[in-house]
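Q: The structure that follows is given in the form of structure tokens.
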Amino acid sequence: MRASPPVVVRPADHADSVVIAQTIRGAFAEYRANLVPESAALRETPESISTELRGRSDALLAERAREVLGCVMVKPVDCDLYFGRLAVRTSARGQGVGRLLVAAVEDLARRSGRAGVRLEVRLQLVSNQRFFSALGYREVSRSAHEGFSYPTSMTMRKALMDS
């Protein structure tokens, strides 16, 4: 039996905007009609991704034999590196792709001298909160989406060095 090729994480470029948008929308599709408010990830397009990549954001892709399995968007926020739109294709779930992408974000943050890594997660998505908690992330604040009078998401952070 032949071992499958390893999963490799690489920086994305503008040519990857189409596959990034497809991967994000596909991975977030399970939340359609289940999140209030609906996730803006479901509205990502190649153009919106390309605009992000021209700004302060970067993206990382996880691939096996040139097949994209997942992606994540990153950008500096204060002294930290923020990541969002962590997306793993349904067919690649349970294979450690999400953990690999988060580890790559943390490595990028360390190499760029960032004090920590942060993300936002919906309060409704308890399994996602557990996933990030298991990776060492802790809740630092809660916030409400526009038009809501109660918290709908939390910010989680992992310190990488003494700040």
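Please treat every number below as a calculation from the coordinates, not as lab data. Bear in mind that the values here come from a model prediction, so they are computed numbers and not experimental data. Cβ atoms come from the backbone with ideal geometry, glycine included; neighbour counts cover every protein chain shown.
Q: Could you tell me how many cubic angstrom of Cα convex hull volume the chain has per residue?
A: 129
Q: Fewest first, what order do 158, 75 take by the number of other Cβ atoms within 10 Å?
A: With the fewest neighbours first, 158, 75 line up as 75, 158.
Q: Please identify which residues in segment 45-79 have an amide N closer than 11 Å to a label point set 7 Å out from the Cα of residue 140, following the Cα→Cβ vector.
A: Those under the cut-off are 77-79.
Q: Same structure again: What ³J(HN,Hα) values, in whole Hz, does the Karplus curve 6.51 cos²θ - 1.76 cosθ + 1.60 give for segment 100-114 when θ = phi - 60°, with x put for Gly and Pro?
A: 5, 5, 5, 4, 5, 4, 4, 5, 4, 5, 4, 5, 9, x, 6
Q: Also, I was wondering about something else. Would you list 150, 31 from fewest to most Cβ contacts within 10 Å?
A: 150, 31
Q: When only DSSP loop residues count, what trypsin sites (Lys or Arg not before Pro) in segment 41-72 have their Cβ near at most 13 other Cβ atoms within 10 Å?
A: 56, 66
Q: Within segment 73-89, list the residues whose amide N lies under 17 Å from a label point set 7 Å along Cα→Cβ of residue 29.
A: Under 17 Å, as judged by backbone N against the label point of residue 29, lie 87-89 of segment 73-89.
Q: Given 14, 68, 40, which one lies farthest toward the positive end of the charge dipole of segment 7-159, if we put +1 on the Cβ of every Lys and Arg and -1 on the Cβ of every Asp and Glu?
A: Toward the positive end, the furthest listed residue is 68.
Q: Please work out the Cα center distance from segment 47-83 to segment 1-29, rounded to the nearest Å.
A: Here the two parts' Cα centres lie 11 Å apart.
Q: Once you keep just the Cα pairs under 8 angstrom separated by 6 or more residues, what percentage relative contact order results for segment 7-159?
A: Averaging sequence separation for qualifying contacts and normalising by length gives 18 percent for segment 7-159.
Q: Relative to the compact-globule scaling 2.2 N^0.38 Å, provide the ratio for the alpha-carbon radius of gyration of segment 1-89.
A: Taking N as the residue count of segment 1-89, the ratio is 1.15.
Q: Let me ask you something else. Based on Cβ point charges of +1 for Lys and Arg and -1 for Asp and Glu, what charge dipole magnitude is obtained for segment 1-88 about its Cα centre, in debye rounded to the nearest 20?
A: Computed about the Cα centre, the dipole is about 240 debye.
Q: Between 72, 18, 117, which gets the highest mean-square fluctuation from a Gaussian network model of the chain, Cα cutoff 10 Å?
A: 18
Q: Can you give the charge dipole size of segment 7-159 about its Cα centre, rounded to the nearest 20 debye, using +1 on the beta carbon of Lys and Arg and -1 on the beta carbon of Asp and Glu?
A: Dipole magnitude for segment 7-159 comes out near 400 debye.
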